[in-house]
1. Does any residue in the range 132-150 that is closer than 19 Å to Lys178 by Cα come within less than 7 Å, Cβ to Cβ, of a residue that is surrounded by 15 or more Cβ atoms within 10 Å (Cβ to Cβ) six or more places away or on a different chain, and which pairs are these?
2. Would you check which residues across the range 205-229 are more than 15 Å from Tyr184 (Cα to Cα) and surrounded by 19 or more Cβ atoms within 10 Å (Cβ to Cβ) and list them?
3. Does Tyr196 meet the test of being of a type in the set (Phe, Trp, Tyr) and at pLDDT 90 or above?
4. Can you list the strands (runs of 3 or more DSSP E) found entirely within the range 258-343 that contain at least 3 residues being modelled with pLDDT of 85 or more?
5. Going by what's in this entry, would Leu200 be described as part of a helix (DSSP H, G or I), in the same structural domain as Gly179 (by TED's automatic domain parsing) and without any contact (Cβ under 8 Å) to a residue 12 or more places away in the chain?
6. Quick one: would you say Ser439 is modelled with pLDDT under 95, within 30 Å of the chain's Cα centre (by Cα) and in a helix (DSSP H, G or I)?
7. Under 7 Å between Cβ atoms, which residue pairs at least 6 apart in sequence (or on different chains) link something in the range 226-242 that is within 13 Å of Asn211 (Cβ to Cβ) and in the same structural domain as Tyr453 (by TED's automatic domain parsing) with a partner that is at pLDDT below 90 and among the aromatic types (Phe, Trp, Tyr)?
8. Select from the range 344-389 the residues that are among the small types (Gly, Ala, Ser) and within 15 Å of Phe294 (Cβ to Cβ) and write down the one among them that is modelled with the highest pLDDT.
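The values are calculated or read from the model by the stated rules, or taken from the named source; none is laboratory data. Nothing here was measured: the structure is a model prediction, and the numbers come from that model. Ideal geometry is used to build each Cβ from the backbone, glycine not excepted, and the neighbour counts take in all protein chains shown.
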Amino acid sequence: MANIFKDKYGDGHKVQIKDKTGLNKVKAGLGALVGNTKYGITPGSTKFSLVKVKTKQKNPKQRIFFSDSGLSMFMMKLPNGPLYEFIGSKSAIQNSFSHAGDGKGASDKSATNDKTELKELISMCILREKLENNKDVDFDFVEDCMPKRLKKYFHEDYFTSAQKQVKVWLSKETGRFKGKGYIYERQLDDVTKNIYKNALDFSGLSKDNWNPGDIWIVKKNMDFSNYTGATNIQQINKQLVKDYKDEKIVGISLKQINPNQRARIDYVNLSATKKKEVKFNFKFSNCDFTGDTFKNAIIYTESGFGVRMGFKASTENFGVYLEGRFKGAGSQVGGMDAKQIPEEIKRRYGYEIRKGGTPDLKVEEKLALKEMKEIFKRHKASDISNTLTSYKNFLDVYDKAPKFQKQRLCRIVSFMYPYMELSFDKGGDKEFKDLMNWSYTLAKKETDVGGFYVFLGP
């Protein structure tokens with residue numbers, strides 16, 4: 001566990017109260033602090049800044065006692081808020097706080113990319129040290145693997161997630177890819193960029209839709225002529241599987257594993273002839289549609305797997321983004337290729353999904369409302385949305401919505417309609433299950449043109 005008391009974590013370093021697991025270990029004083037509605041202190045979210053400079057250590061707003069023995073003073077300050085003094089043993093305080101990022105730009109694209117890079121580097125660092133030297137590492141070792149620009153985003157959950165990923169890898173890959181004869185790199189770095197270039201040219205897919213491997217282990221001085229000299233995507237994919245079996249190369253897709261989740265390992269596209277079988281109960285469960293803003297819809301199955309369709313943060317965006325995810329998993333199965341979905345829907349149902357450009361309400365509105373009416377006729381309102389009670393209720397909300405939201409409705413319902421109406425109309429439960437199974441394999445990149453990779457996640 002990272003020690004927040006170390007001198008290197010100086011003035012201004014960000015920490016946060018742990019979640020309920022941590023809170024159960026402290027006394028009522030912290031509970032009073034957490035209940036402070038004025039400053040909105042929330043476990044696992046609110047960031048405190050450490051105050052270590054003695055000249056600043058005066059007139060605290062409140063003193064909070066964690067324990068009665070081994071007393072140690074620790075000063076923290078809320079953003080734009082008061083100074084608090086925490087008193088108690090170091091272990092009691094340590095067990096209640098964890099490192100956190102700087103609290104800036106959580107929704108910013110660049111910050112998200114930086115955090116993704118950090119997570120991948122942490123996992124790669126732990127895995128490399130275990131495979132090269134058979135050593136388990138602590139946070140201080142991993143910190144040396146982090147570029148200085150990324151350290152502000154560190155969260156203890158990233159470290160524990162990486163530990164779980166490595167543990168489940170070792171449980172299946174015993175004795176493989178060991179020693180110092182390998183290069184470790186992130187996707188599209190020096191060694192793997194040429195493989196991706198050829199694969200993307202032949203497949204016509206984006207990088208993650210061909211192979212979502214986040215980190216790669218590659219044999220030093222490996223011969224890439226079978227990749228650069230390939231004439232089709234099948235040759236590249238076949239060679240990738242062969243070289244994995246020979247312990248020459250492997251791509252690993254990483255997903256965050258939360259503290260309350262178990263890790264799993266999966267081998268995707270290991271066999272080109274493998275029959276894509278239903279692995280989960282894909283019977284329709286419900287749809288979680290945001291009936292007030294029309295921003296998102298998640299169509300769930302009994303297994304918990306769902307297809308999320310919605311819009312990203314941009315206020316000017318009418319492009320629907322799709323991903324596969326499991327309810328409560330904390331991470332997606334994977335993004336779904338925007339090119340393949342309309343093609344598959346047209347092949348199955350002869351239906352043209354409305355996409356691209358700004359929706360013209362004069363053209364799309366009538367179609368969208370008709371489609372929503374059919375969805376409400378097919379399913380109970382409670383199985384469509386947590387907020388809408390009927391089609392009439394939906395119309396009332398729609399009529400009052402601004403133009404921008406109406407335009408978004410026209411687009412998102414065009415993706416909902418094939419799943420929630422056309423599939424059932426064609427073949428009932430069986431067809432819906434088949435469509436969701438296809439969606440699951442697409443999210444995993446388990447396709448005829450997808451490259452082999454190992455999945456490590458929840």
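1. Here the result reads Lys135/Glu129; Asp136/Lys130; Val137/Ile126; Val137/Glu129, each pair linking the range 132-150 to a residue that is surrounded by 15 or more Cβ atoms within 10 Å (Cβ to Cβ).
2. Those that are more than 15 Å from Tyr184 (Cα to Cα) and surrounded by 19 or more Cβ atoms within 10 Å (Cβ to Cβ): Leu205, Asn209, Trp210, Asn211, Pro212, Tyr227.
3. Yes; evaluated as a whole, the condition is true for this residue.
4. Hits in the range 258-343: 264-268, 284-289, 296-301, 305-310, 321-326.
5. It is true that Leu200 is part of a helix (DSSP H, G or I), in the same structural domain as Gly179 (by TED's automatic domain parsing) and without any contact (Cβ under 8 Å) to a residue 12 or more places away in the chain.
6. Criteria met by Ser439.
7. Close Cβ pairs satisfying both conditions: Ile233/Phe202; Ile236/Phe202.
8. So, considering only residues that are among the small types (Gly, Ala, Ser) and within 15 Å of Phe294 (Cβ to Cβ), the one modelled with the highest pLDDT is Ala368.
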